[in-house]
Amino acid sequence: MKHIDEHILELFVVNAKEVRAKKTAIRDHLRHCAGCQEVAQRLKDIYTTVGNELVAGEEISYEADKHIVHVPQSLDVWTRPIRDNERTPAMEVARFREIGLPVLWRKINFFWREHPVVGSASGLAVVAAIVLSLFYLSERGGNPSYYSYNMGDNTLDVFASNGKLLWSVPTPDADELKRRETDENLTYTMIADLAGDSKNEVVSSILMKNEKPPSALKVFDSKGHLLRKLVFPSMTMNFKGMHYDTPFGAGNIFEERVASGELNLFVSGGIGRAGFINGRSPSILWRLDTKLNTIGKYWHYGCFDSYLINAFHDGNQEIAMVGSDDMDDMSAKDFQFMAIIDPEKLIGDQESSATQGFGFPPSQAELYYIKFPKTDLEHTLGFRPTSMIDWISGDSIFYVGVKHPYNLKGRDAFGFDYVFDSRNMQILDVKFIGPTEQTYAKLKREGKLQGTFDRKYLENLRNSVEYWDGRKWVKKPTKIKHDWGLMKRGSN
């Protein structure tokens, strides 16, 4: 795998405008390249440490007992671990435990070995002041930098950048949360500077010990004190004659800095939802400010998870929502969908133009709404698949996985990757994944399926993808038209 130039990684870490158009491609590379993840995390730690010290204005420390401490659980820039302690090579750990060398020389020697870009003229000019500040400043460890789900103790553990454990909180679902975040590319806990004061907070939608679903959204400080808590309300509503009076819960979360410069939080919520447990229809995408005040809500009849992606590679971030559309659930005509949302336009209460019935205005934030076909595997086995953004490749291709179960483990697993050109949402290809071919062959031997699993089968799936134009389903890639007036749900 070709590595990203360290100078590009540094620009990415500081969110420089020069690389904003490439953020999605860089994030995709970092998800699958442990080496670049390590470099990016160390660069991030440099800026975090220096920034904290400069803000604190503490005196320079020359204490010889302050060593650089290796963090074996190094995380990528979205706070997920890239490896476990037991996978860290012994020699790599040892080089952080050298003794007998002056602290300053050890730091300089290590940094020069690990960051050769500094030796270049451009790198040296950009980084020199930061490096020298880092070498001479004492290392603090009170600011949350990353987290880990401790499956042995069933806890959420929060760490400082130097590896110091700041605090832990019991959670009964640590093992499943870790698997979900890894396998589905989702985030149920994140670390963010909500107040813009260089002091990070921990935001989480996970269920803590003795907390019953649905999940509340919680914000903790560096000592684990609860700063804010959003208990999603129980809202009385009607949808096409069906009455609901059940509290909503929080699912996966992410942050985005909008055009105004303000940091917003986006939370996938559903009736009875508890973190990775999807709950039931209907669902809401919440847009919140950093005080957890509601800015907007996107109402949808179905369940979904949300991802932040640079869909059109125009420098702006969009939200991709994937999950189930339950409009025709009673007649077994529900399906998996993907919607592309403009986060800037999510203001006030809006409902999906494809699942109208709540009584709110059709969403002006919706850009695309795409239907994935139901397969004979799904009909035969009676399983509802899970949808997720599986992969983002290069500048214009991304993959949506529709599979059961989410990790393709166990009996009768199957899944398909739908490959899209993000520039116009054209469906390019469909690929089967995991044990799908074997599952199909087994069911055919048992007389439960009669079809042929071949290239034509996949082509039929590709040709069955449909686009909602605001009034009807069409085969051609089409944006939602917002000038239909009062839009109605169409049919083929």
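Computed quantities for the displayed model
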| item | result |
| --- | --- |
| One residue from PHE358, PHE416 being in contact (Cβ under 8 Å) with a residue 40 or more places away in the chain and not in a strand (DSSP E or B) | PHE358 |
| Any hit, the range 241-248, residues being in a loop (DSSP other than H, G, I, E, B), out of contact with any His (no Cβ under 8 Å at 6 or more places or on another chain) and either open to solvent by 10 Å² or more (accessible area, probe 1.4 Å) or modelled with pLDDT of 90 or more (or both) | yes |
| Test: residue in the range 352-362 that is at pLDDT below 95, on the phi > 0 side of the Ramachandran plot and open to solvent by 10 Å² or more (accessible area, probe 1.4 Å) | yes |
| Any hit, the range 306-314, residues being open to solvent by less than 40 Å² (accessible area, probe 1.4 Å) and among the charged types (D, E, K, R) | no |
| Of all residues in the range 258-273 being over 20 Å from GLU184 (Cα atoms) and in contact (Cβ under 8 Å) with a residue 40 or more places away in the chain, the one that is most open to solvent (accessible area, probe 1.4 Å) | ALA259 |
| Options LYS297, LYS291; residue that is assigned to a strand (DSSP E or B) and either in contact (Cβ under 8 Å) with a residue 40 or more places away in the chain or within 15 Å of the chain's Cα centre (by Cα) (or both) | LYS297 |
| Scope the range 457-477; condition under 16 Å from SER422 (Cα atoms), assigned to a loop (DSSP other than H, G, I, E, B) and touching a residue at least 40 places away in the same chain (Cβ under 8 Å); matching residues | VAL465, PRO477 |
| Evaluation of GLY434 against (1) open to solvent by less than 60 Å² (accessible area, probe 1.4 Å); (2) part of a loop (DSSP other than H, G, I, E, B); (3) out of contact with any Gly (no Cβ under 6 Å at 6 or more places or on another chain) (one fails), failing number | (3) |
| Scan of the range 391-403 for residues that are surrounded by 21 or more Cβ atoms within 10 Å (Cβ to Cβ) and not β-branched (Val, Ile, Thr), ordered by number | PHE398, GLY401, LYS403 |
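The values are calculated or read from the model by the stated rules, or taken from the named source; none is laboratory data. Only a predicted model underlies this, so the values are computations on that prediction, with no experimental measurement involved. Quick reminder, even Gly has a Cβ in these numbers, built from the backbone with ideal geometry, and neighbours come from all protein chains shown. To get the accessible areas, we keep the full protein, side chains included, count just its heavy atoms, and leave off ligands, DNA and RNA. Shrake-Rupley method; radii C 1.70, N 1.55, O 1.52, S 1.80 Å.
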